[in-house]
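Undergrad: This is the structure I want to talk about, given as structure tokens.
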Amino acid sequence: MRGWAGNILDINLTDGAIDVLPLDHEMARLFLGGRGLGARLLWDLVGPEVEPLSPENVLIFTTGPITASASQTSNRFNVSTKSPLTDTILHANSGGWWGMQFKRTGYDALIVRGRAEKPTLIEITAEGVSLQDATHLWGKTVFETTEALGQDRNKRNVLCIGPAGENLVRIAAIMNDKERSLARGGAGAVMGSKNLKAIVVEGTQKNQPADKEQFKFMLYETGKLLKASPLTSQALPEFGTAVVMNVVNEIGALPTRNFQQSQFEGADQISGETITDTILETNQACWACPITCTRITKTSSGKEGEGPEFESAWAFGAQCGIDDLDAITEANYLCNDLGLDTISMGNTIGCAMELAEKRLLHSDLRFGRADLLPGLISDTAYRQGLGNDLAEGSFRMAAKYGAPELSMTVKKLEMPAYDPRGMQGQGLVYATGNRGACHETGNMLGPEVLALPRLIDRFATQGKAGIVSVHQNSAAVIDSLVYCKFANMAVAEEFFARTLTAVTGETFTADDLMMVGERVWTLERLYNLREGFTKADDTLPDRLLNEPVAEGPSKGFTAQIPPMLEEYYAFRGWDKNGVPREKKLKELSLQFAIEVAE
């Protein structure tokens, strides 16, 4: 194996057919792997006539050419599908060990089609591929399923859904290695709709670099950069991702009580520093990762698990007006066990809290009610009571109760932990996101807050479109290789290009990689256009556009999307309606999609 294994595993659950398809090498060079390869395959396999929860939708699990190479953070993998929450193209990626192990089975991708008649699991080992009865596992939680299938981090790795996926909850996650997640957009519901409970992998093949000496040199150079960065060598290992909680709060960009405020008075009590001081047991790393940002924690009641990460601590914390760290942490554990996206879950509960306070929803739910979190989360996973509304995501829930404007979503995907009124570039990232409101597809936290690589005015709008576009393209590359975004905060694309060259034996430059990123981003845009999305969907909730922040460092500001959007389309070579021009598609080798842009 030299980067690409050259094989795609294709499984049809309807008739049990198992095929191995050759990976088209030109496609691999153009899209690399991971998110890029997933988008390209999905384009051909799932059109606008396909309903997300129908057997005709597919799940595409993809690794990248770097995966399992031992390059720092080369553990990640991707899933692509059509989202049941947003109806957009969906990509989600995860770390841990499963992706590395799947690559070692000798495949670059797994396509899952159809629907099994009864609960089924897929097992992929050196001995072959098999479909097995999983009836005895249906109804079990993620932790129970992972244990029952013999998870062994160094040998046998389990990916599965919990009750939320089984019950087609639109914010259900796919979980791997027990507490890692492919969380956003409801991929877990797609897996549940296929009666697919789990995928177990045991691999033996190794991703050997074509140029071992050059690869060894790049390991050394990349390691130096990761050690030199205060973020990857100190802040993340010591305090985890929640290290930014107080920072974001202090600048007035921490969404609070369903984005009604942009600062939370209890932020310090749920921060990375407080997590480290009070509930942290140890930190942990994904395979081949020196950053070790994972938190292993234990609450005062004796419950133990992973997290919470920054986004989860915010979602159940500031978004819900809760500063009880134990309650937030245990809510995070419960979401992992039931298979739920913590960002969408906490965000949707915050929306329900506002609906209840405005008496649009008949409930005693109120901001600050930490005691209600476990019941709401469990009811969501099993679609019981109010949980049946929460299971639909905040947009559908708020619309049901007559106030869709209270849903803090873009393209029906719940927004993460940054208030665009205090970070204008981040607002543009959300508004133009191909999978909806997402901080992982071009996060502006670095330049607008952390001065990485340099600090820019977070309230400025002029010139932001170009910076956002470059960040989006870069994120698409990282997701296609597949690396961790934290590595990219310390290591430039030039180093990834040289590593890719050493692994594959084929020459790649940093410019080549950025072209791949633009190609992937543009193809995702075209996919959504084919689905019927338009310029009108590139926007934010009215609250953020029209209600200025009332107090704090971001006082008086709203999100200024329209002026940035016009500049953004022009920068990308799209027309005034956000449709890529034919010249741009030819430049990106996307001629096969020209008819969508006509």
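The values are calculated or read from the model by the stated rules, or taken from the named source; none is laboratory data. In this text, all values refer to a predicted model and were calculated from it rather than measured experimentally. Backbone-built Cβ (ideal geometry, glycine too); neighbour counts: all protein chains shown. Please note that ligands, DNA and RNA were not included when accessible areas were found on the heavy atoms of the full protein model with its side chains. Shrake-Rupley method; radii C 1.70, N 1.55, O 1.52, S 1.80 Å.
Undergrad: Mind listing whichever residues of the range 536-554 are open to solvent by less than 50 Å² (accessible area, probe 1.4 Å), in a loop (DSSP other than H, G, I, E, B) and more than 30 Å from L42 (Cβ to Cβ)?
TA: Result: V549, G552, S554.
Undergrad: Let me ask something additional. Given the conditions (1) in contact with a strand residue (DSSP E or B) (Cβ under 8 Å, 6 or more places away or on another chain); (2) free of Cβ contacts under 8 Å to residues at least 40 places away in the same chain; (3) open to solvent by 10 Å² or more (accessible area, probe 1.4 Å), and given that G192 satisfies all but one, which numbered condition is not satisfied?
TA: The failed condition is (3).
Undergrad: So, D323, is that one modelled with pLDDT of 95 or more, part of a helix (DSSP H, G or I), charged (D, E, K, R) and farther than 26 Å from H91 by Cβ or not?
TA: Criteria not met by D323.
Undergrad: Quick check on this structure: which one of F557, F533, F571 is farther than 18 Å from G33 by Cβ, assigned to a helix (DSSP H, G or I), open to solvent by 10 Å² or more (accessible area, probe 1.4 Å) and in contact (Cβ under 8 Å) with a residue 12 or more places away in the chain?
TA: Matching residue, one of F557, F533, F571: F571.
Residue by residue, here is whether (1) in contact with a helix residue (DSSP H, G or I) (Cβ under 9 Å, 6 or more places away or on another chain); (2) open to solvent by 80 Å² or more (accessible area, probe 1.4 Å); (3) under 30 Å from G150 (Cβ atoms) holds:
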position	(1), (2), (3)
K197	yes, no, yes
G203	yes, no, yes
L231	yes, no, no
Q234	no, yes, no
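Undergrad: Out of all the residues in the range 487-497, is one or more touching a Gly at 6+ places or on another chain (Cβ under 6 Å) and at pLDDT 95 or above?
TA: no
Undergrad: Given the conditions (1) more than 30 Å from K412 (Cα to Cα); (2) at pLDDT 95 or above; (3) out of contact with any helix residue (DSSP H, G or I) (no Cβ under 8 Å at 6 or more places or on another chain), and given that G99 satisfies all but one, which numbered condition is not satisfied?
TA: (1)
Undergrad: Among the residues of the range 502-517 satisfying the criterion of being without any contact (Cβ under 8 Å) to a residue 60 or more places away in the chain and in a loop (DSSP other than H, G, I, E, B), which is least open to solvent (accessible area, probe 1.4 Å)?
TA: Only one residue tops the list, namely F508.
Condition check ((1) over 23 Å from D419 (Cβ atoms); (2) of a type outside the set (V, I, T); (3) open to solvent by less than 10 Å² (accessible area, probe 1.4 Å)) across all residues:
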residue	(1), (2), (3)
E448	no, yes, yes
A451	no, yes, no
R454	no, yes, no
D457	no, yes, no
Q472	no, yes, yes
V477	yes, no, yes
V491	yes, no, yes
A497	yes, yes, yes
L500	yes, yes, yes
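Undergrad: For the range 409-445, which positions are within 16 Å of M345 (Cα to Cα) and in contact with a Gly (Cβ under 8 Å, 6 or more places away or on another chain)?
TA: Result: T409, V410, K412, L413, E414, G436.
Undergrad: For the range 40-129, give me every one of the strands (runs of 3 or more DSSP E) that falls completely inside it and has 1 or more residues that are in contact with a Pro (Cβ under 8 Å, 6 or more places away or on another chain), open to solvent by 10 Å² or more (accessible area, probe 1.4 Å) and not assigned by TED's automatic domain parsing to the domain that holds A490.
TA: By residue number, 109-113.
Undergrad: Can you run down the residue pairs with Cβ atoms below 9 Å, 6 or more apart or on separate chains, where the first is in the range 160-187 and not assigned by TED's automatic domain parsing to the domain that holds G387 and open to solvent by less than 20 Å² (accessible area, probe 1.4 Å) and the partner is among the basic types (K, R) and assigned to a strand (DSSP E or B)?
TA: C160/K197; I161/K197; G165/K197
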